[in-house]
1. Looking at LEU18, LEU49, which is the one that is farther than 19 Å from THR102 by Cα and either assigned to a strand (DSSP E or B) or at pLDDT 85 or above (or both)?
2. Can you tell me which residues in segment 82-118 are at pLDDT below 90 and touching a Ser or Thr at 6+ places or on another chain (Cβ under 6 Å)?
3. Quick one: what pairs do we get from segment 40-64, first residue at negative phi, second of a type in the set (S, T, N, Q) and outside any helix (DSSP H, G or I), C-beta under 9 Å, 6+ apart or different chains?
4. Could you run through segment 76-98 and say how many residues are surrounded by 16 or more Cβ atoms within 10 Å (Cβ to Cβ) and in a helix (DSSP H, G or I)?
5. Go through ALA73, ALA145 for me and flag whichever is out of contact with any helix residue (DSSP H, G or I) (no Cβ under 8 Å at 6 or more places or on another chain) and either in contact (Cβ under 8 Å) with a residue 60 or more places away in the chain or within 17 Å of ALA50 (Cα to Cα) (or both).
6. Within segment 99-114, take every residue that is in a loop (DSSP other than H, G, I, E, B) and either aromatic (Phe, Trp, Tyr) or in contact with a helix residue (DSSP H, G or I) (Cβ under 7 Å, 6 or more places away or on another chain) (or both) and give me the one that is nearest to GLU40 (Cα to Cα).
Amino acid sequence: MSDPRDDQIRAAEQESDLLIRLIKDQSGPRAEIQRLPWGEVTDAWREGLATRLQAGTLGLCPHVMTPNVVIYAAWLPGLLLCPTCHTVTNIQAGIGEVEDSTCDGCGDYCPGEITNLTIQLGTVVIMGGLCPQCRDLEQRTAEAARG
């Protein structure tokens, strides 16, 4: 007999996949969906999430329940949020042009050059923006990991 949570997990994974495609559609031509394997930059984001989670230093919104879609944004590295709280937090934090033009890999300010990456890790959607140099590094290291 299968665990009833398996259906909930599959539904949440499908919802996170839908969210990723919606984000890409709304973000325009400078948006990409990253698939496995991970490159050096996105692997650092994943490691940061895992480290904060294990250390108990990751802030969670009250709506984060398992299984459910949650968002981990490279520009808000201490938080794991539901989609609604993610949007509200960005508005409250005043996320705007400067943040949207700042690379989440190296921290350089690159107006008009940031590529938005969205990655699905089960029910977790990981998001960040990369400058051309960090995007090249990401692509090279992901390709090298493929063998």
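1. LEU49
2. ASN116
3. Note: pairs meeting the criteria are THR42/GLN34; THR51/THR57.
4. Final tally of qualifying residues: 5.
5. After applying the criteria, what remains is ALA145.
6. Among those residues, the one meeting the criterion is GLY105.
The values are calculated or read from the model by the stated rules, or taken from the named source; none is laboratory data. Since the structure is predicted, the reported quantities are computational estimates derived from the model, not experimental observations. For neighbour counting, all protein chains shown are included, and Cβ atoms are generated from backbone atoms with ideal geometry for every residue, glycine included.
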